[in-house]
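The values are calculated or read from the model by the stated rules, or taken from the named source; none is laboratory data. Quick caveat: nothing in here was measured; it's all calculated off a predicted structure. When we count neighbours, we look across all protein chains shown, and the Cβ atoms used for this are built from the backbone with ideal geometry, even at glycine. These accessible areas exclude ligands, DNA and RNA; they are computed on the full protein's heavy atoms, side chains included. Shrake-Rupley method; radii C 1.70, N 1.55, O 1.52, S 1.80 Å.
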4 protein chains.
Amino acid sequence: MRYFKSDNTAAVCPEILAALATANHGTALAYGADRWSEALDAVFGKFFETEVRVFAVSSGTAANSLALATFCPPWGTVLCHAESHVERDECGAPEFFTGGAKLSLVSGTGAKIRAEELRARLDWFEPHVHGVQPRALSITQSTERGAVYTAAEIRALADIAHGRGMIVHMDGARFANAVVAQDVSPAELSWKAGVDVLSFGVIKNGGMNAEAVVFFDPTRVGDFEFRRKRAGQLACKGRYAALQLTTYLESGIWRRNAERANRLAARIAAAAPGLLSVPAETNQVFMQLGAQRIAALSREFGFYPWGPTGSGEARFVCSWDTPDEDVDALCAQLRTLA
Amino acid sequence: MRYFKSDNTAAVCPEILAALATANHGTALAYGADRWSEALDAVFGKFFETEVRVFAVSSGTAANSLALATFCPPWGTVLCHAESHVERDECGAPEFFTGGAKLSLVSGTGAKIRAEELRARLDWFEPHVHGVQPRALSITQSTERGAVYTAAEIRALADIAHGRGMIVHMDGARFANAVVAQDVSPAELSWKAGVDVLSFGVIKNGGMNAEAVVFFDPTRVGDFEFRRKRAGQLACKGRYAALQLTTYLESGIWRRNAERANRLAARIAAAAPGLLSVPAETNQVFMQLGAQRIAALSREFGFYPWGPTGSGEARFVCSWDTPDEDVDALCAQLRTLA
Amino acid sequence: MRYFKSDNTAAVCPEILAALATANHGTALAYGADRWSEALDAVFGKFFETEVRVFAVSSGTAANSLALATFCPPWGTVLCHAESHVERDECGAPEFFTGGAKLSLVSGTGAKIRAEELRARLDWFEPHVHGVQPRALSITQSTERGAVYTAAEIRALADIAHGRGMIVHMDGARFANAVVAQDVSPAELSWKAGVDVLSFGVIKNGGMNAEAVVFFDPTRVGDFEFRRKRAGQLACKGRYAALQLTTYLESGIWRRNAERANRLAARIAAAAPGLLSVPAETNQVFMQLGAQRIAALSREFGFYPWGPTGSGEARFVCSWDTPDEDVDALCAQLRTLA
Amino acid sequence: MRYFKSDNTAAVCPEILAALATANHGTALAYGADRWSEALDAVFGKFFETEVRVFAVSSGTAANSLALATFCPPWGTVLCHAESHVERDECGAPEFFTGGAKLSLVSGTGAKIRAEELRARLDWFEPHVHGVQPRALSITQSTERGAVYTAAEIRALADIAHGRGMIVHMDGARFANAVVAQDVSPAELSWKAGVDVLSFGVIKNGGMNAEAVVFFDPTRVGDFEFRRKRAGQLACKGRYAALQLTTYLESGIWRRNAERANRLAARIAAAAPGLLSVPAETNQVFMQLGAQRIAALSREFGFYPWGPTGSGEARFVCSWDTPDEDVDALCAQLRTLA
């Protein structure tokens, strides 16, 4: 089988595994008091061109949920897209970590939230005790449909959110894919556009089991560290998490890996442009195939049907280590089926 | 001012206050061990023509949330209407009581859930650990838009829910209004149609501060009693809650009060039928008035604008003790404005 | 049977029921916008001789838990006595309302916390993320063993707590009994001694189903109102709760009822002083009776054995309406058994 | 500095890092559908000589909390030692994961729970809704004071717990150290003695960032998998967690590493037997040093003072990779100071 199920089926990038090995000797103080963990703020600060506070956690779900819980009280609500990962793929983790805050859904093609739809959704909330209060906006970059938000689009959403006293969270599980797709800087797609806290993804793009939560205002970390510990997300042997994050940035694999994954996905999209259900902007390709084509492709390829049962849509994801020959084979089949 | 803001601005029905006075002497064992509390199951069993377990709580929000928490685990989800009270008017209480279960919204006119829309929404859930699992359907009778579910409509929804392993909860804050509007029995609109647990409303229709949670399968009460205590909802002087509930049923005021409230609302609806935004089936009337008419009416009448800011819609609610002359005055004004 | 089980088996004081009746006509805006609810701050402010914010809830458990949740984060801890109501008689309500904060127990005779024991317990906590952080001290006045804290004792504890950044909560389910026992003012036993937030008990001393949470610093109410609504503790017909609270203070029954209950308890204690297990300072009497005496008394009197199974201890509680003849009978029996 | 702060300051055992490298190529299905994750049950089943269900998580805190949450409802309580890790070093994680269940503390030297103290503590709970209900016993093997429970001691505790309807959880963060210290089988110290669910520690004894939760009754896994996902503890690249666990068992490093750590600790204990505050049975040594000796040692050695502030006690922990020369140096100093 040739797999396009997800970028999280990939192996760990060799540069990262090598870095772990080089640090694997001697004592390192536990729970983040090691020198690699202590370097996180500086390394990410350089990457984002501003002062930041950075914390390692073991999964994207934990990163999103802990970030949101830091800002959204139990009686608050997080505005997010109906197809977002926090809503659909985390088994209610944001609700768990926040103590029961509500996710309030916004729709929109490409799993993107548009300003007018955000405004309309916010009109439903009133500043009284009977209803939950909007306290955070969460957007995904790149989105669960492979789309990207431009810096201007983020800014427009952030202005609305900040005007309502909400913070802006970005689920950046595939942040690198969005940056390289637009040829802008990480800063431009995050804090410069109004993002307050970022779940910075590493695992899907070459990491093993560490993601970062990045606070762009160091004064607003709040009780994050207590929440992380309390969630079993503070690794005792911190060097192995910290090194994944710093190696990812300093070695440049964040860019190299994302560029390759995007490029492979672009080839798939180009093989059957008429079948695309949404534009392919990063490393995910969505096609309206119908049941017959899905069945035909399933003999050789591993991928997920998408949307509600029987929708006929399918998703193909490329990762940093998807074999070229697997892409060749998929493109050939798609051309035949198109 | 003449008030049509809500039926919860009404006074307590004299029969209920009198009943409290008659029982107000001597010792009664605390926390539900008094003879009035112990009679709850039998009195409600007679009313519903089946064996039930009944528990008093202090508010409709508590009734709904405790009922749902008994059946829906933290990683479950409750399907409900986007305009439902549990979603919009309880400040996230269901999420609080369930430990963070998600409410998954279904739309539909009249704040009613239709079978096809329930089915379509359920298609989005998959039986894996990544997503929350549907465990309860919550419908409101009569709805937040004054509509009623027929027994057949409830049955259709319940069949879908039960087929997915979900229980059916009914928010019956205005259950009496729905029963008298349809001239059916309480049993026909509840357990006979597939309802598993009912939040039975008393306060809006003449009570003071007690509602009931009614379990139609006595074997499925689960940990409700622990949850109630833990929520501070187990009254120590139980007689005063129990008597409100039993007097409400046994004196017949449940019917008399609901009939009067519905009748007054029907008069309002008939005064300007062309302005109705949804049919007026019980004691709530919704009209599309526009900003000017709303401003004009607001000088004399207290009522709520409805829907998102600037919608131009308004709600008028009649209670058991709304003065006839207030209805007369409103009808006159509406005829003038129509 | 003659009952000494608890003061919550008593009826409602006639003054309170009468007050409810006088207000039982016409419209009153819901959810605390009625004029009686709006008078709460002023009436309690006068009683406590300072500016306060006051909120009605339906039970003492709710009062305690909501007060603590306002100040103690999920990763915090509440220092309290091992025999306190919040620890032993609320089924984990403080943990539920705080989102999982821990209660950390202190021992001491009479269910009283002494300064040295509080200090020793606090020595166990360290200011790092591995352990929960002390954020509140909760003391009960009068205690679960019928003892009272003097103003000086409260001040000593409050100084320790405030010095550690903790707030001081007082569970005043029987606050009136403590005030009249010491012949001091309510202010002296609360904010003047360092109490920040008080669960002010009414039910046990003549109320029906309303207690008050009193914030002595109006700027520190925080998110209490959202939490109350979310817990189903915001009564829609607010007048009936507010009137219980204001009538209780303004009619003077708080003092008259507490004095009577204390006086009756003193008679019981005096009947068999050699059997007392702790001094009887308010309306509760604890005696070391042994199994035989307990069995003998149980034929005529209802009361609770106390402590762990088989301890041989028993509790007798007097209320505002305990019949004199019941006290006579109990005293006679105790004299015989002593 | 020579470090004896904790066994979690150690590096990763080379066998484990090598195993990760050998599996680091090609696609592996995400979220535990890889072949290494699928082998967990069988590998652990062989190790424990019985059928088991095994789940990887990222930390011991997560392992303990998820295991307890599977069995203990929010209104339940976990009996544990006052010095246990779940009580003192997890920032309230058990309360968070269980939805607010209470930990009820038992004391005893060596951080061990004795049968008589467990029985006495259980006497305080009554089967009514006012108090939390005992649902789990959690013991630590080896304990936070380096002591071990014998199989017979575990059995005695388990019999009491099971007789009350409680399950038995073992925090086995240092399980291997307890097994090799007693020369018994893993089965004898776990399910054969009555343990229902085990937090199986790997990290402290050579792992990187994976621990296992082991259910000895495969039918009682309950909703564990939903809870794990919801907590952000389901690794997407599952092979790297699974391989740590299986390599640890199959390579025999569990035994080799634990034996070495215990042996080094025994040398330290033997260097100053008169200073021992509790017997040194595994890889932790506790000594009553006093402030002066602590200050003297702190110039060359890293270790933790223990107990409340100013207790004068200190802890020394050896790990699989503590240098022999560091132990030599510490022993020499201790002999001088003794």
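Relative contact order, percent, of chain C when contacts are C-alpha pairs under 8 Å separated by at least 6 residues?
Once divided by the residue count of chain C, the mean separation gives 24 percent.
Give me the net charge of B:GLY45's neighbourhood, meaning all other residues with Cβ under 13 Å from the Cβ of B:GLY45; Lys, Arg count +1, Asp, Glu -1.
Result for the local shell: -4.
Calculate the mean, over all residues of peptide B:130-141, of how many other protein chain Cβ atoms lie within 10 angstrom of the residue's Cβ.
Mean partner shielding for this stretch: 3.
Please compute the per residue accessible area over segment B:1-133 with all protein chains in place, 1.4 Å probe, rounded to a whole number of Å².
Accessible area per residue, segment B:1-133: 32 Å².
Using a 10 angstrom cutoff on alpha carbons, build the Gaussian network for chain A and name the most mobile of A:ALA30, A:ALA241, A:ALA187.
Looking only at A:ALA30, A:ALA241, A:ALA187, the largest GNM fluctuation is found for A:ALA30.
When the convex hull of the C-alpha atoms of segment D:76-115 is computed, what volume per residue in Å³ does it have?
With only Cα atoms used, segment D:76-115 gives 53 Å³ per residue.
Counting only other chains, what is the mean number of Cβ atoms within 10 angstrom of the Cβ of each residue in peptide A:7-16?
5
Can you classify chain C as rounded, prolate or oblate using the Cα gyration tensor, where a ≥ b ≥ c are the square roots of its eigenvalues, rounded means a/c under 1.5, and otherwise it's prolate if a/b beats b/c and oblate if not?
oblate
Nearest 100 Å² is fine: what is the total accessible surface buried where chains D and A meet, probe 1.4 Å?
4000
Anyone know which of B:ALA101, B:ALA39, B:ALA158 comes out most mobile in the 10 Å Cα GNM of chain B?
Most flexible of the set in this elastic network: B:ALA39.
Among DSSP beta bridges whose residues both lie in chain D, state the antiparallel percentage, nearest 5.
45
Would you work out if segment D:202-244 is rounded, prolate or oblate? Take a ≥ b ≥ c from the square roots of the eigenvalues of the alpha-carbon gyration tensor; rounded if a/c is under 1.5, else prolate when a/b is larger than b/c, oblate otherwise.
Cα axes put segment D:202-244 in the oblate bin.
Under 11 Å from the Cβ of C:GLU144, count the other residues' Cβ atoms, weight Lys and Arg +1, Asp and Glu -1, and hand me the total.
With Lys, Arg at +1 and Asp, Glu at -1, the neighbours total +1.
Note down the net charge around B:LEU289, summing +1 for each Lys or Arg and -1 for each Asp or Glu among other residues with Cβ under 11 Å from its Cβ.
+1
For chain B, what is the mean residue ellipticity at 222 nm derived from helices alone (per DSSP H run of n ≥ 4: -39500 (n - 2.57); sum divided by total residues; nearest 500 deg cm²/dmol)?
Dividing the helical sum by the residues of chain B leaves -11500 deg cm²/dmol.
Report relative contact order for segment D:57-110 in percent, whole number only (criteria: Cα-Cα under 8 Å, sequence separation at least 6).
This gives 42 percent for segment D:57-110.
Report the charge-dipole magnitude of segment B:39-168 in Debye, nearest 20, computed about the Cα centre from +1 at each Lys and Arg Cβ and -1 at each Asp and Glu Cβ.
The calculation lands at about 100 debye.
Which ³J(HN,Hα) values in Hz, rounded to whole numbers, follow from the phi angles of segment B:192-203 under the Karplus curve 6.51 cos²θ - 1.76 cosθ + 1.60, where θ = phi - 60° and Gly and Pro get x?
Each residue of segment B:192-203 in turn: 5, 9, x, 6, 9, 8, 10, 7, 9, x, 10, 4 Hz.
Can you tell me, using C-alpha contacts under 8 Å and at least 6 residues apart, the relative contact order of segment D:58-192 as a whole percent?
So the answer I get is 24 percent.
What residue among C:GLN244, C:GLN284, C:GLN182 shows peak mean-square fluctuation when chain C is described by a Gaussian network model with Cα springs under 10 Å?
So, out of C:GLN244, C:GLN284, C:GLN182, the one fluctuating most is C:GLN182.
So which of A:LYS5/D:LYS204; B:LYS204/C:LYS229; C:LYS46/C:LYS192; B:LYS5/B:LYS102; A:LYS229/C:LYS112 end up more than 25 Å apart, counting from Cα to Cα?
Distance filter (> 25 Å) returns A:LYS5/D:LYS204; B:LYS5/B:LYS102; A:LYS229/C:LYS112.
Taking R0 as 45 Å, what's the FRET efficiency between D:ALA338 and C:ALA120 from their Cβ-Cβ distance, rounded to 0.05?
0.95
Going by Cα centres, segment B:278-338 and segment D:234-300 are how many Å apart?
Cα centroid of segment B:278-338 versus Cα centroid of segment D:234-300: 75 Å apart.
Based on the alpha-carbon gyration tensor of segment B:181-338 and its eigenvalue square roots a ≥ b ≥ c, which shape applies: rounded if a/c is under 1.5, prolate if not and a/b is larger than b/c, or oblate?
Prolate, because a/c is 1.5 or more and a/b exceeds b/c.
Size of the protein assembly as shown along its principal axes in angstrom, Cα-based, largest extent first?
Ordered largest first, the protein assembly as shown gives principal extents of 82, 81, 52 Å.
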